[in-house]
1. Could you please find all residues in segment 273-288 being over 8 Å from the mean Cα position of the chain (by Cα) and within 16 Å of G92 (Cα to Cα)?
2. Which condition number does F269 fail, the rest of (1) buried (at least 24 other Cβ atoms within 10 Å of the Cβ); (2) in contact (Cβ under 8 Å) with a residue 60 or more places away in the chain being met?
3. Among strands (runs of 3 or more DSSP E) lying entirely in segment 158-252, which contain 1 or more residues that are of a type in the set (A, V, I, L, M, F, W, C) and in contact with an Asp or Glu (Cβ under 7 Å, 6 or more places away or on another chain)?
4. Kindly evaluate L235 against the criterion of being aliphatic (A, V, I, L, M), crowded, with 22+ Cβ neighbours inside 10 Å and either free of Cβ contacts under 8 Å to residues at least 12 places away in the same chain or within 20 Å of I284 (Cα to Cα) (or both).
5. Among Q3, Q47, which is the only one that is modelled with pLDDT under 50, within 16 Å of the chain's Cα centre (by Cα) and within 30 Å of A233 (Cα to Cα)?
6. Quick test of your reading of the structure: L121 fulfils all but one of (1) closer than 18 Å to E55 by Cα; (2) crowded, with 21+ Cβ neighbours inside 10 Å; (3) in contact (Cβ under 8 Å) with a residue 40 or more places away in the chain. Name the failing condition by number.
7. Of everything in segment 94-123, what is aliphatic (A, V, I, L, M) and part of a helix (DSSP H, G or I)? Give them in sequence order.
8. Counting only residues that are within 13 Å of the chain's Cα centre (by Cα) and among the β-branched types (V, I, T), which one in segment 229-252 is farthest from W266 (Cα to Cα)?
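The values are calculated or read from the model by the stated rules, or taken from the named source; none is laboratory data. Predicted model, so just to flag it, every value in this text is computed and none were measured. Cβ: placed from backbone, ideal geometry, glycine included. Neighbour counts: every protein chain shown.
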Amino acid sequence: MQQPSSLARRRAIQFGLGLGAGLALARSPLAIAESLAEAASGSGLIQKAIPSTGELLPVIGIGTARRYDVGETDYERAPLREVLDAFARMGGRLVDTAPSYGRAEAVVGDLVASLGNRDRLFLATKVGAGRDGREAGLAEMARSFERLRTARIDLLQIHNLAGVEHMLPVLREWKQEGRIRYLGVSTSFKPQYEELERLMRSEALDFVQIDYAIDNREAEERILPLAAERGMAVLVNLPFGRGRVFEAFRGHRIPDWATELGIASWAQFVLKYVVSHPAVTCAIPGTATLRYLEDNLAAARGQLPDAATRRRMVALIEAV
């Protein structure tokens, strides 16, 4: 859910992308406007189906941890407003947040309300207060509805499996009542994988959210295959490995075989790896500027790597 730091990403651009890929992120406002026009004309983004319903989602969404935890001034919120406006106009849908992300939930709710594009977005949030019991979880969920300024949340997830025994029955009730459309659980901690796997085998979940990156592939061993087997959509947090992948590729040029797939930056390289896994539905990189938005969404266009290319991508990061 996190975006690499500005410094880390600038370094990746400076040292790792070469002239052509560097220009891909140094796009002018006019170039970004042209991308919006292209999206509006129907070029579209690669989408995958939510297994439980068949509803389609673009494979790249937005994570809001840290970078959407801002104040109320126009100066602080204007870049995020631009991102959420452009994201919807470029065909993006899924925005993931959580009460534990500081003010991010309220910021998303305020900006979406001001933009009037709620019906074009798929809003996902979480409940973690269930660790303190059902009533605490219910109170936190009620606040999420208020902060997001919506009568229905598209996806509500139990955050880091906190209080799952209390909150999963509640989520089922709320889904049946139409207050939420989908339910799921999330984690970004490997020590919770065993519990997550147990839940996936015993419970009917629409979504699971898991940490997964080209340098963090443990989820490929059991979680992703199990999600495919059980018919569960997969959201991927930390697709940049907390910025590690940019550091790993610093000083390296994108290989010709990758540019032939339309990959113009290391962000696109690693995102295409993540979303090309057959079980992955959507990756949610942190995205707080128009330039990063355009770069990230480019990974949802063109061709996705096949199995042989994915092996080649892994070999590349293991060699650097």
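1. V275, T281, T287, A288
2. So F269 meets the others, but not (2).
3. Correct list: 180-186, 233-237.
4. Spelling it out, L235 is indeed aliphatic (A, V, I, L, M), crowded, with 22+ Cβ neighbours inside 10 Å and either free of Cβ contacts under 8 Å to residues at least 12 places away in the same chain or within 20 Å of I284 (Cα to Cα) (or both).
5. One residue alone meets the criteria, Q3.
6. (3)
7. Those that are aliphatic (A, V, I, L, M) and part of a helix (DSSP H, G or I): A104, A106, V107, V108, L111, V112, A113, L115.
8. Applying the filter and picking the extreme gives V234.
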